[in-house]
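Q: Just passing along the structure, written as structure tokens.
The values are calculated or read from the model by the stated rules, or taken from the named source; none is laboratory data. What you are looking at is a predicted structure, and each value in this text was computed from that prediction instead of being measured. Glycine gets a Cβ as well: all are built from the backbone with ideal geometry, and neighbour counts include every protein chain shown.
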Amino acid sequence: MRRTGIALMSLTLALTLTACGAGFNASTRQVKQVADGVEGAITSESNSIKLRNVLVVETAEGAGVLVATVVNNQPVEDALLGVAINGVVATVTGANALPQNSPISFEGAVANSKAVVPALNAKAGTHVRVTMFFARAGEITVLALVRDQSDTYAGITA
């Protein structure tokens, strides 16, 4: 009888102590993405390229303009060789060198590069594939949201 009591008490304590006290509305279950853009990374022993806030803005003329930030976290410099948006090679102007912790920013107040496709062939609210090609790290493709040219993105032009 004593062993049965100890077993039942152990089972009760195990079930009680392992339950989540915050329930189904715990703050850790309510995480939301704070930006429209997506993130991606190429991470290996010799590469650490991070893509932040990647999205595409559709202009009134139907062009697609990349909005993103690319960072190299490795001491060895890399270079952005090209960008393809929705299967179309973009015209990239500006910075393409990626020394450690010196980002390439497409659009915005600190922009140092620009990538544009003349015909996006996608409407705002849909997703397109954005592929970036790097000299050392290779390539990465993310599925990015297409935004219209309004609100925060009103000043973005091809």
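Q: Looking at ALA97, ALA109 in this structure, which one is free of Cβ contacts under 8 Å to residues at least 12 places away in the same chain, surrounded by fewer than 20 Cβ atoms within 10 Å (Cβ to Cβ) and out of contact with any helix residue (DSSP H, G or I) (no Cβ under 8 Å at 6 or more places or on another chain)?
A: Exactly one residue qualifies, and that residue is ALA109.
Q: Sticking with this one: Quickly run through the stretch 42-68 and pick out the residues that are of a type in the set (Gly, Ala, Ser), surrounded by fewer than 17 Cβ atoms within 10 Å (Cβ to Cβ) and on the phi < 0 side of the Ramachandran plot.
A: Matches in the stretch 42-68: SER44, SER46, ALA60.
Q: Okay, next question. How many residues does the stretch 74-93 contain that are surrounded by 13 or more Cβ atoms within 10 Å (Cβ to Cβ), in a strand (DSSP E or B) and in contact with a Ser or Thr (Cβ under 9 Å, 6 or more places away or on another chain)?
A: Of the residues in the stretch 74-93, 6 are surrounded by 13 or more Cβ atoms within 10 Å (Cβ to Cβ), in a strand (DSSP E or B) and in contact with a Ser or Thr (Cβ under 9 Å, 6 or more places away or on another chain).
Q: Which condition does THR141 not pass, out of (1) at pLDDT below 95; (2) polar (S, T, N, Q); (3) within 16 Å of the chain's Cα centre (by Cα), if it passes all the others?
A: Here THR141 clears every test but (1).
Q: When you go through VAL130, VAL71 one by one, which is the residue that is surrounded by 21 or more Cβ atoms within 10 Å (Cβ to Cβ), in a strand (DSSP E or B), among the β-branched types (Val, Ile, Thr) and under 18 Å from the mean Cα position of the chain (by Cα)?
A: VAL130
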